[in-house]
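Visitor: One structure, pasted below without further comment.
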Amino acid sequence: MMKIFAPVCILLLLTSCADDDSSFPVGEDWIESDTRVLYIDTMTVSSSTFKFDSVQVSSTDRLLLGTYTDPIFGRTTSKIFTQLSNSTYTLDDAAVFDSIALILNYDDYFYNDTTEVQTLRIHEVLQDIKVTDDGYFYNTTSFDYNENTVGKVTYTPRPIREDSLHLRLDDAYGSLLFNEIQDNEINNADEFLRYHRGLLLEPDAANTTILGFLPTSTIRIYYSLPNEVEDEDVYSFDMTFNSSYTFHNISSDRSGTYFETLAEQEDEIESDASNGMSYIQSGVSLATRIDLPNLNGLDYIEGNGTLLAANLVVSLNTATETTSLPAGETLSCYIIDQKNIVLGTLYDYDGAEATGTIAAESDEFAQRTYSIPIHYFLDEKSTDSNGHNWYLALLDPDNNQSVNRYGFYGNQEADEDLKLQIILIYAVYDNE
């Protein structure tokens with residue numbers, strides 16, 4: 001099974017600018033030559049949509065929880081598996097249990113409609129929460145859990161106006177934890193995990209949003225210490241999410257969508273078969289694949305020449321974007337092979353990661369166009385013996401901790417300002 005890591009750490013095609021044999025000549029000889037600079041935007045480029053088998057979600061800065069139904073992508077769901085931890089496990093003998101709450105700290109991320117009431121079920125996990133053999137959790141990682149809940153709560157999210165979400169769990173569950181600690185049945189983390197391996201936070205299928213929470217969330221037990229004073233102070237005992245063993249499981253039901261036939265990583269949906277568009281959906285790792293030509297097509301140009309610049313230009317179909325379903329302002333780019341296996345990150349001649357950034361944007365003309373520098377990639381693709389099997393994959397930069405989605409125009413778009421294309425700046429000199 002091929003998995004895409006976030007970030008991909010393979011360094012491919014990275015060399016110094018000083019070693020670039022394709023650099024065009026400079027100085028008096030070049031200036032005095034018969035030089036033409038050509039703008040070329042007619043080379044064939046095509047796009048499709050494919051799905052990575054899984055995405056690594058260990059130790060993310062954000063935890064995703066919720067579900068919603070998307071008109072293009074189907075139902076997307078994110079659950080949270082978490083292991084609880086604390087440094088101490090002691091409670092005063094005189095302490096009296098009051099209540100227990102799940103406290104989820106917002107990180108301000110949300111996707112889709114937050115105005116509706118949401119439902120969440122909390123289950124105890126029945127297996128030890130352990131990473132896979134390669135040391136990671138993936139969006140497909142799952143563990144068995146008790147079908148009986150320790151809490152079923154409803155709430156209306158306020159990710160912007162509030163800093164956290166307080167959800168009261170079943171008193172029976174809280175009292176059990178409280179008594180085990182107070183009675184010294186549990187005295188340390190190992191003993192706690194022997195009884196309570198973790199929790200699953202599972203959204204209801206009728207929910208309408210996916211929310212982002214911080215890994216610093218907690219389970220909090222409230223209790224009091226009776227004394228001779230009439231007023232009784234309320235105390236609390238926290239068990240925090242262990243960030244090393246907490247992750248989100250993100251899945252999607254693509255029934256009835258363009259993508260329902262994407263079973264294997266090698267499978268693709270050509271843009272011609274998906275409304276003339278290619279797509280990205282992070283979290284579940286839907287990606288856009290770009291098929292680019294070698295530069296052999298430039299051989300027909302008379303005279304000696306060199307490529308000065310090359311940019312891939314891809315435009316968002318803004319009709320697929322709404323205020324509650326926004327696309328991001330940058331794109332991550334990776335080099336893949338003919339089987340859609342990641343070979344490495346895309347770099348430019350300066351050794352920097354080559355990302356997609358907004359080159360043109362207009363609310364009036366409903367346009368957002370991203371530009372990606374691909375000069376170095378095309379030069380290497382044209383000279384490497386296996387370069388004909390190199391392609392590009394476009395993803396959201398937060399692929400492992402968001403569900404952001406994009407729809408891009410293909411190369412058949414009638415509007416020249418929106419169609420998928422590569423733009424080359426090519427210099428011809430010494431033309432005799």
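Visitor: Report, to two decimal places, the Cα Rg of the range 96-138 normalised by 2.2 N^0.38 Å (N = number of residues).
Guide: My calculation over the Cα atoms of the range 96-138 gives 1.78.
Visitor: Taking 7 Å along the Cα-to-C-beta vector as the label spot, tell me the Asp108-Asn187 distance in nanometres, rounded to one decimal.
Guide: Going from the Asp108 label point to the Asn187 one covers 4.6 nm.
Visitor: Mind counting lysine pairs for me in the chain? Cα separation below 26 Å, and the two need to be 8 or more apart along the chain or on different chains.
Guide: Lysine pair count for the chain: 16.
Visitor: Could you work out, for the range 111-196, what percent of all Cα-Cα pairs fall into each 10 Å distance bin, beginning at 0 Å and stopping at the bin that holds the largest distance?
Guide: It works out to 13, 30, 35, 20, 2, in whole percents.
Visitor: What is the diffusion coefficient of the range 337-425 in µm²/s, taking the Kirkwood radius over Cα pairs and the Stokes-Einstein relation at 10 °C with a viscosity of 1.306 mPa s?
Guide: Calculated translational D: 105 µm²/s.
Visitor: If you bin the C-alpha pair distances of the range 154-312 every 5 Å from 0, what whole percents do you get?
Guide: 1, 5, 10, 11, 10, 10, 9, 9, 7, 6, 5, 4, 4, 3, 2, 1, 1, 0, 0, 0
Visitor: May I ask for the equivalent-ellipsoid semi-axes of the range 286-341, computed as the square root of five times each C-alpha gyration tensor eigenvalue and listed largest first in whole Å?
Guide: 32, 16, 10
Visitor: On full extension of the chain, what length is gained from Asp291 through Ala263, given 0.36 nm per residue of separation minus the C-alpha to C-alpha distance?
Guide: Between Asp291 and Ala263, full extension yields 8.0 nm more.
Visitor: Then there is this: At a Förster radius of 41 Å, what calculated FRET efficiency corresponds to the Cβ-Cβ distance of Asp53 and Ser175, to the nearest 0.05?
Guide: About 0.45, to the nearest 0.05.
Visitor: If I model the range 260-356 as equal point scatterers sitting on the Cα atoms and use the Debye formula, what is log10 I(q)/I(0) at q = 0.13, 0.16, 0.22, 0.23 Å⁻¹?
Guide: For the requested q values the scattering log ratios are -0.64, -0.93, -1.43, -1.48.
Visitor: Oh, and also: Any chance you could give the angle, 0 to 90 degrees and rounded to 10, that helix 171-182 forms with the longest Cα principal axis of the chain?
Guide: Taking the Cα atoms of the chain, the angle to 171-182 is about 80 degrees.
Visitor: Follow-up question, since we're still on this one. Suppose every Lys and Arg Cβ carries +1 and every Asp and Glu Cβ carries -1, with no other charges. What dipole size does the range 65-141 come out with about its Cα centre, to the nearest 20 debye?
Guide: The dipole magnitude comes to about 280 debye.
Visitor: Let me ask something additional. Please compute the net charge surrounding Asn340, taking Lys and Arg as +1 and Asp and Glu as -1 over other residues with Cβ under 10 Å from its Cβ.
Guide: Overall, the nearby charge balance is -3.
Visitor: Now, a different point. Report the rotationally averaged projected area of the chain based on its alpha-carbon convex hull, in square nanometres.
Guide: For the chain, the mean projected area of the Cα convex hull comes to 26.5 nm².
Visitor: Next question, about the same structure. Sticking with the crude label model, points 7 Å out along Cα→Cβ, report the distance from Val96 to Ala273 in nm, one decimal please.
Guide: About 6.8 nm, to one decimal.
Visitor: Here's something else I'd like to know. Quickly work out the Ala319-to-Ile358 label distance, labels modelled 7 Å from Cα along the C-beta direction, and quote it in nm with one decimal.
Guide: It is 2.1 nm.
Visitor: Diagonalise the Cα gyration tensor of the range 38-84 and give the resulting equivalent ellipsoid semi-axes, square root of 5 times each eigenvalue, largest first, whole Å.
Guide: Three semi-axes, in Å: 37, 17, 10.
Visitor: Taking the inverse of the average 1/r across all pairs of different Cα atoms in the range 208-257, what Kirkwood radius in Å do you get?
Guide: Hydrodynamic radius (Kirkwood, Cα only) of the range 208-257 equals 15.2 Å.
Visitor: Give the peptides 154-164, 311-321 in descending order of average Cβ contacts within 10 Å, highest first.
Guide: Top of the packing list down: 311-321, 154-164.
Every number in this text was worked out from the coordinates using simple rules, so none of it is lab data. These figures come from a predicted structure and were not determined experimentally. Note that we place each Cβ from the backbone using ideal geometry, even for glycine, and neighbour counts take in every protein chain shown.
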